[in-house]
Amino acid sequence: MEPTFVIRDDDLNYFSTPEDIQRWYKDVLAQNIPVGFSTIPFVKPISDVYTAGYNDENKEYTIAENKELIEYVKSNPLIEILQHGCTHETKDGVFEYMTDGGLYEKTKRGKAELERAFNRDIKVFVAPHDSINVHGVLAVEKSGMDIIRGRGSKTFMWRAQYIPAILKMILHKVLHPRKLTMPAYPYVLDLGKHKEAYSYRLEAAKRDFLRTSLEYVQKKGGCFILVNHVHFCNEERRELMLETIAYARELGFKFVYPRDLFT
């Protein structure tokens, strides 16, 4: 199988600007490479993401209010919007999608806002901090989305599809016991009512790890998802991203939209 490469960038929200995207992704988009932006539908200054220094903690800013950003995204066919939680708030040390209740309503509300704002179907969900429990997974399933995670699944349901999937994950970890040389499980997993894929964070300290992981995924004909954060990017990370893309191209990867992984 032809290996595939996906870019996932987290935390796009009301306080983001088209200039933020252009600054770090101009060279990527110029290569006709799609980028998936995990977007927060509603954000407050107390949300644990970039909020441009605003401090009115009681005000909620919806993504649709940022008309300039909406029009920019809608005019760029290479940008896919993913749902990134609902408000990205951490309360009492608990991440948004690790809470025990209310996630059905929050997921539905957030998805509706993104679809209304961008006038497109939202197919993929990314949990804030890559942390999601069973309640969160069920809420995402009910909303008809698939999930992109971090390095692997940490939830389990008594469902037939979970047993071979978890066994494959365990076997993979046994075969690759050293953390820095163990790529995330390189295939999309079908877990019954949703599918999942796993990611690799862009960190300069792990340049060799990224290259080794690309080589591993290429041999397996799997998928490689590179994670960046538009509001925490810098020149070093941008150069590493471009370097990783160039090596993926050299290895014969196909660059696809996040939604393409699950079709």
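Okay, here's what the table says:
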| item | result |
| --- | --- |
| Near pairs, Cβ below 7 angstrom, 6+ apart or cross-chain, from region 150-173 (of a type in the set (Phe, Trp, Tyr)) to any residue that is surrounded by 15 or more Cβ atoms within 10 Å (Cβ to Cβ) | 156/162; 156/166; 162/191 |
| Extreme residue, farthest from residue 18 (Cα to Cα), among residues of region 245-258 that are in contact with a strand residue (DSSP E or B) (Cβ under 6 Å, 6 or more places away or on another chain) and part of a helix (DSSP H, G or I) | 248 |
| Single condition residue 101 does not satisfy, out of (1) assigned to a loop (DSSP other than H, G, I, E, B); (2) under 29 Å from residue 78 (Cα atoms) | (2) |
| Residue ID - surrounded by the most Cβ atoms within 10 Å (Cβ to Cβ), chosen from residues in region 1-46 that are out of contact with any helix residue (DSSP H, G or I) (no Cβ under 9 Å at 6 or more places or on another chain) and assigned to a loop (DSSP other than H, G, I, E, B) | 44 |
| Selection status of residue 87, of a type in the set (S, T, N, Q), closer than 29 Å to residue 242 by Cα, touching a Phe, Trp or Tyr at 6+ places or on another chain (Cβ under 7 Å) and part of a loop (DSSP other than H, G, I, E, B) | no |
| Scan of region 78-103 for residues that are free of Cβ contacts under 8 Å to residues at least 40 places away in the same chain, surrounded by fewer than 20 Cβ atoms within 10 Å (Cβ to Cβ) and not polar (S, T, N, Q), ordered by number | 91, 92, 93, 94, 98, 100, 101, 102 |
| Pairs where the first residue, in region 10-35, is under 21 Å from residue 130 (Cβ atoms) and the second is outside any loop (DSSP other than H, G, I, E, B) and among the hydroxyl-bearing types (Ser, Thr, Tyr), C-beta under 7 Å, 6+ apart | 10/38; 11/38; 12/38; 12/39; 13/39; 35/25 |
| Residue list for region 247-257, restricted to those being of a type in the set (Gly, Ala, Ser) and within 16 Å of residue 212 (Cβ to Cβ) | 248 |
| Scope region 28-56; condition more than 25 Å from residue 116 (Cβ to Cβ) and over 20 Å from the mean Cα position of the chain (by Cα); matching residues | 30, 31, 53, 55 |
| Residues located in region 104-122, provided they are buried (at least 20 other Cβ atoms within 10 Å of the Cβ) and either at positive phi or touching a Leu at 6+ places or on another chain (Cβ under 8 Å) (or both) | 122 |
| Scan of region 224-236 for residues that are under 17 Å from the mean Cα position of the chain (by Cα) and part of a helix (DSSP H, G or I), ordered by number | 230, 231, 232 |
| Test: residue in region 248-255 that is under 21 Å from residue 130 (Cβ atoms), out of contact with any helix residue (DSSP H, G or I) (no Cβ under 6 Å at 6 or more places or on another chain) and either at pLDDT 95 or above or of a type in the set (A, V, I, L, M) (or both) | no |
| Residue in region 231-244 that is surrounded by 17 or more Cβ atoms within 10 Å (Cβ to Cβ), β-branched (Val, Ile, Thr) and in contact (Cβ under 8 Å) with a residue 60 or more places away in the chain present | no |
| Residue 198 touching a Gly at 6+ places or on another chain (Cβ under 9 Å), among the aromatic types (Phe, Trp, Tyr), at pLDDT 80 or above and under 21 Å from residue 136 (Cα atoms) | yes |
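The values are calculated or read from the model by the stated rules, or taken from the named source; none is laboratory data. Note that the coordinates shown come from a computational prediction; the quantities given were computed from them, not determined experimentally. Positions of Cβ are backbone-derived with ideal geometry, glycine not excepted, and every protein chain shown enters the neighbour counts.
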